[in-house]
Amino acid sequence: MNYGKRAWCHLFRQAVGLSGALWLFFAPYLGTALGQDPPLPSPEIRFEPASQIDIEASEEPEETELEQRLPSLRLRRRVLAPEQLEEAERLRKLAAKFGTDPTAIVGRVQLSSAYNDFPNNRRGVDTVFRGDVPFRGNYLLRVDVPFIKWTDPNRPGTTSTTGISDIAVTAGWRVYNKPEYAILVGMISTMPTGTETGLTLGKYTIGPTIATARVLPDWDTFLIGLLTQQFSVAGDPSRKDINLTRATLAMTTLWKDRWWSQLQTVFEVDWERKGKIGMIVEFEVGRNLIGQ
């Protein structure tokens, strides 16, 4: 009975509190973006033995190289209790195993497939083979090979197309890594490897990508942010140039040790189409079957 109440509480928080949680996640950074200094916490006066004060001072977390270079990041870092840090580390390991933490450096082979049903009897199956190779602790090389099959009875000349689409290669570096928060930056590039004209963009693209993941151990929840920019740099001159920005905000909750749910919003801005904006809202529920 207690777990049922907790499950409904988690679901309510995830469905209703996404916008508020994301505001709390990004709000500390707005001051810097506007040229303002972050407010310092009010000092708390306590009368304790000197030995106790010395012990608490010695338990302060050590500064990382990134925190030394960016003092504002050090000021905004949340200090968690030891049991919260232990829980955050456990959640990070589970999320890495489930593939829901974009900042995780884990070797993996993944095969995913999605069926799409479009208007006017258009249908398609999008299958992606993904391989991640970690090296030197905080570096990752990722390759995505998509295989697409679609049918469009309204298309002149051919009603169906099947084959490999454009391959994407991502090189990432996890520049900041703590149990409660991590940042990964990298470069992503795509190549016009499509076997059919309708399966490729016809352009070579390159651009930066950044991923962040903040753990809320009391809620068994992750707040995730992804930002990617793609530019076309070469390719078929008859095909349209590419200048696309994609931003993803997500909240992922882990249930027990096998289940998870995720609510995310994906924004896209196509600068080649006068800044036209598109948005997709997705809800996902998953379960790990074999524990690996």
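Derivation of every value follows stated rules applied to the coordinates shown; laboratory data play no part. Just so it is clear, the structure is predicted and the values come from calculations on it, not from any experiment. Cβ coordinates were reconstructed from backbone atoms using ideal geometry, including for glycine residues, and neighbour counts include every protein chain displayed.
Once the other residues with Cβ under 9 Å from the Cβ of Lys203 are scored (Lys, Arg +1; Asp, Glu -1), what is the net sum?
Net charge in that neighbourhood comes out at -1.
What's the FRET efficiency of Lys93 with Val233 using the Cβ-Cβ distance as r and R₀ = 30 Å, to the nearest 0.05?
0.20
At most 15 other Cβ atoms within 10 Å and a DSSP loop assignment: could you name the trypsin sites (Lys or Arg not before Pro) in the stretch 90-190 that fit?
Those satisfying the criteria are Arg122, Arg136.
Under the definition of Cα pairs under 8 Å and six or more residues apart, what whole-number percent is the relative contact order of the stretch 148-195? Walk me through the intermediate numbers first.
Numbers: 70 pairs, mean separation 16.6, N = 48.
Relative contact order of the stretch 148-195: 35 percent.
Residue by residue, what Karplus-based ³J(HN,Hα) values in Hz, rounded to whole numbers, does the stretch 241-256 have, using 6.51, -1.76 and 1.60 with θ = phi - 60° and x for Gly and Pro?
After applying 6.51 cos²θ - 1.76 cosθ + 1.60, I find 5, 10, 8, 10, 10, 10, 10, 10, 10, 9, 10, 10, 10, 9, 10, 6 Hz.
Test of understanding: what is the full-extension gain from Phe129 to Lys240, defined as 0.36 nm times their sequence separation minus their Cα-Cα distance?
Roughly 37.3 nm would be gained on extension.
If you wrap a convex hull around the C-alpha atoms of the stretch 99-187 and split its volume per residue, what is the figure in Å³?
115 Å³
Work through the residues other than Gly172 whose Cβ is under 14 Å from its Cβ and net out their charges, Lys, Arg +1 and Asp, Glu -1.
+2
With a Förster radius of 51 Å, plug the Cβ-Cβ distance of Glu272 and Glu83 into 1/(1 + (r/R0)^6) and report the FRET value to the nearest 0.05.
Values: r = 51 Å, r/R0 = 0.99.
The calculated FRET efficiency here is 0.50.
What does the charge count around Pro192 come to, taking other residues whose C-beta lies under 11 Å from its C-beta (Lys +1, Arg +1, Asp -1, Glu -1)?
Neighbourhood net charge equals 0.
Between the alpha-carbon centers of the stretch 206-267 and the stretch 148-181, tell me the distance in whole angstrom.
Answer, in whole Å: 14.
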